[in-house]
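The values are calculated or read from the model by the stated rules, or taken from the named source; none is laboratory data. What you see is a predicted model; the values in this text were computed from it and never measured. Neighbour counts are summed over all protein chains in view; Cβ atoms, including those assigned to glycine, are modelled from backbone coordinates with ideal geometry. For accessibility, only protein heavy atoms count, side chains too; no ligands or nucleic acids. Shrake-Rupley method; radii C 1.70, N 1.55, O 1.52, S 1.80 Å.
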Amino acid sequence: MHTREEKLEAFGRLLDVLDRLRVECPWDRKQTNESLRPNTIEETFELCDALMKDDMQGICKELGDVLMHVCFYALIGQEKGDFDVADVCNKQADKLIFRHPHVYGKEKADTAEQVLQNWEQIKLKEKDGNKTVLSGVPTALPSIIKAYRIQEKARNVGFDWEDRTDVWKKVREELDELEAELEKGDKMRSAHELGDFLFATINAARLYHLNPDNALEHTNQKFIRRFNYVEQHSIRIGKPLTEMTLQEMDQLWEEAKALEKEE
């Protein structure tokens, strides 16, 4: 691993490269906050993919792409005279110190749970912090992640189930209400009840320390692997999926599952 001096030198080298590209490269020269935003979203998702796969080389590469975007936005801020990368780093360091009084101050927190319980109150005290407990949840978050964060923030101020096993009653209640509305054929009410059921299920996952977004992505990847197996074998036997019976596809699906178990 590199020394601290080597790390600082590498960071400085990246800043030097960006400074030059901003002047000499026609593409880099024309970029704005707005034009970079879609690329930043894409790079963030690519990093998430690498993290889910635990691909260390991929993580390293994608972290570089995300870091480049952070530095690029800071460079644009510098050009406008609003802030530079030093301001970004210092503000983040100040925030971390303020939010960790159990490390930098006299507060006590021996467990991660105790840290989280203090977290929201600390953020409410910040000069530019959240005005309400839930105001810190970004509106643009994907719905599953947003629901999880809402529930976490409510939990941090004591609004939570006293006994986590009680959540299953709520999950079953919401499922029953969803099924009832589906039987009635009321599409709008069914959609509302589906949202309630998903929210309750996400709450259950949180209470049992499972991340629903990660869990769903693992299932997505599992379905892709198995469906790709079915499709590839349909090509091998010369029979398109559209011409196969459901029973034939199910048989290939079970083969894919069996192969996963062997691995």
Quick check on the chain: helices-only [θ] at 222 nm, where DSSP H runs of length 4 and up contribute -39,500 (n - 2.57) each and the sum goes over total residues. Nearest 500, please. -25000 deg cm²/dmol
Quick tally, 1.4 Å probe accessible area for Leu36, Leu134, Leu8, sorted with the most first, runs Leu8, Leu134, Leu36
Could you work out, for region 20-141, what percent of all Cα-Cα pairs fall into each 5 Å distance bin, beginning at 0 Å and stopping at the bin that holds the largest distance? 2, 9, 12, 14, 16, 18, 16, 8, 3, 1, 0
For a 24 Å ceiling on Cα separation, which of these pairs sit above it: Lys131/Lys153; Lys53/Lys222; Lys153/Lys184; Lys61/Lys261? Lys153/Lys184; Lys61/Lys261
State, as an integer percentage, the relative contact order of the chain based on alpha-carbon contacts under 8 Å between residues 6 or more apart. 9 percent
Computed over the Cα atoms of region 209-263, the Rg and Dmax in Å are 13.4, 46
Using DSSP to define loop residues, name the GluC sites (Glu not before Pro) in region 129-200 whose beta-carbon has at most 12 other beta-carbon atoms within 10 Å. Glu162
Applied in sequence order to region 33-45, the curve 6.51 cos²θ - 1.76 cosθ + 1.60 (Karplus, θ = phi - 60°) yields integer Hz couplings, x standing for Gly and Pro, of 3, 5, 6, 7, 3, x, 5, 5, 4, 4, 5, 5, 5
Rounded to the nearest percent, how much of the accessible area of region 9-89 (1.4 Å probe, protein heavy atoms only) is carbon and sulfur? 59 percent
What do the square roots of 5 times the Cα gyration tensor eigenvalues come to for region 124-261, in whole Å, largest first, as semi-axes of the equivalent ellipsoid? 39, 20, 15
Quantify, in whole percent, the carbon and sulfur part of the accessible surface of region 202-263 (1.4 Å probe; protein heavy atoms only). 54 percent
Please compute the alpha carbon radius of gyration of the chain, then divide it by the globular-protein estimate 2.2 N^0.38 Å. Two decimals is fine. 1.34
How much of Met188 can a 1.4 Å solvent probe reach, expressed as accessible area in Å² and rounded to 10? 130 Å²
Once the in-chain neighbours fewer than 8 apart are removed, the lysines whose Cα is under 23 Å from Lys80 read Lys30, Lys91
Region 57-105 - accessible surface per residue (Å², probe 1.4 Å): 63 Å²
Quick one: 3J(HN,Hα) in Hz for region 92-97, Karplus 6.51/-1.76/1.60 with θ = phi - 60°, rounded, Gly and Pro as x. 5, 4, 4, 5, 5, 5
Hey, what do the phi angles of region 46-53 turn into as Karplus ³J(HN,Hα) couplings, whole Hz, using 6.51/-1.76/1.60 and θ = phi - 60°, x for Gly and Pro? 5, 5, 4, 4, 5, 5, 5, 7
